[in-house]
Amino acid sequence: MKFAILTDTHFVARGRKIYGLDPAERLAAAIRRINRDHPDIAFVIVTGDLAHWGEDPAYENLAAELSHLVAPTILLMGNHDKRDAFGRHFPGVARDADGFVQSMQVFDAATVVTLDTLNEAAPNHEGLLCAARLAFLENALASAPADRPLLLFQHHPPFDSGLRYMDTIRLANPEAEWDVIARTRKPDYLFMGHLHRPIAGAWRGIPFHIQRALAHQVAFDLETADHIPGSHEAPDYAHVTVNDGHIVIHQCSFLYDGPVFSLHDQAALNRA
Ligand SMILES: [Fe+2]
């Protein structure tokens, strides 16, 4: 199975920019590349912060752009999203019995579980897994087929990353999530967004991947604590292959338009 990951699209109304960037232009470029180069992917998953202010025109704009994607989508909520407005423009997206935007889909190669960590009542954008959402996670982890990898997706990381301001708005209750995992099943891979940087590592033995944002980035700055330092580093989408339990993640810098050449080409090697 192959799939692509995008995150933190931070859509706004058509024609508007955010931090000097047009998210719709960027998503259109990513979709053109994904449609052209990856016709065999099972889905594109977008791990939250779909819209920046969560207003209807932003989701309308996003739905229009995503309609150009050939592959189906799996969409998650992030701290900037609003469930009701999202639902008006994406009525077909799977929700759990409590209305949270989370689901479990079993594919031949892997099981995909998505969590909704949005807490619309939080004054500071931190995430939350309430009792109902933890119960969904517990049921998913306990009932997923044991014979294939389980891939868990959520917007907020349940751990500190070293990005000091972002660490104050991570998942507020990581111990509760860990308790569920510890008594049921460890996911084989954990995928997140939220941090707007490419970050990989392991959390309590679970390998994780944090995707760079589609929109504005967070600068690599492990010192600043009183605000979020931003940057205009180029975005990526991830291309993931899951085959017989073997997981490989590539990054595609889809806005790159510089030269592509053979490393064996002597003329390219010696170019001044
Ligand atoms: Fe974000």
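In whole angstrom, region 66-220 maps to an equivalent ellipsoid with semi-axes of 21, 20, 17, each derived as √(5λ) from the alpha carbon gyration tensor and ordered largest first. Close amide H pairs (under 5 Å, H built 1.01 Å from N) link residue 237 with 252, 254, residues at least 5 positions away or on another chain. Classify the chain as rounded, prolate or oblate from the Cα gyration tensor: take a ≥ b ≥ c as the square roots of its eigenvalues, call it rounded if a/c is under 1.5, otherwise prolate when a/b beats b/c and oblate if not. Taking the square roots of the gyration eigenvalues as a ≥ b ≥ c, the chain is rounded. DSSP beta bridges fully contained in the chain are about 55 percent antiparallel.
Overall, the anisotropy analysis places region 95-181 in the prolate class: the square-rooted eigenvalues a ≥ b ≥ c of its C-alpha gyration tensor yield a/c not less than 1.5, with a/b exceeding b/c. Averaging over all projection directions, the Cα-based convex hull of region 147-272 occupies 11.0 nm² in the image plane. Cross-link partners of residue 82 among lysines, defined as those whose alpha carbon lies under 27 angstrom from its own and excluding same-chain residues fewer than eight positions apart: 17.
Bridges between two residues of region 151-223, per DSSP, are antiparallel at a rate of about 40%.
Quick note: the coordinates plus some simple rules give every number you see, no bench work behind them. As the structure is a computational prediction, the values presented were derived from the model and not from experiment.
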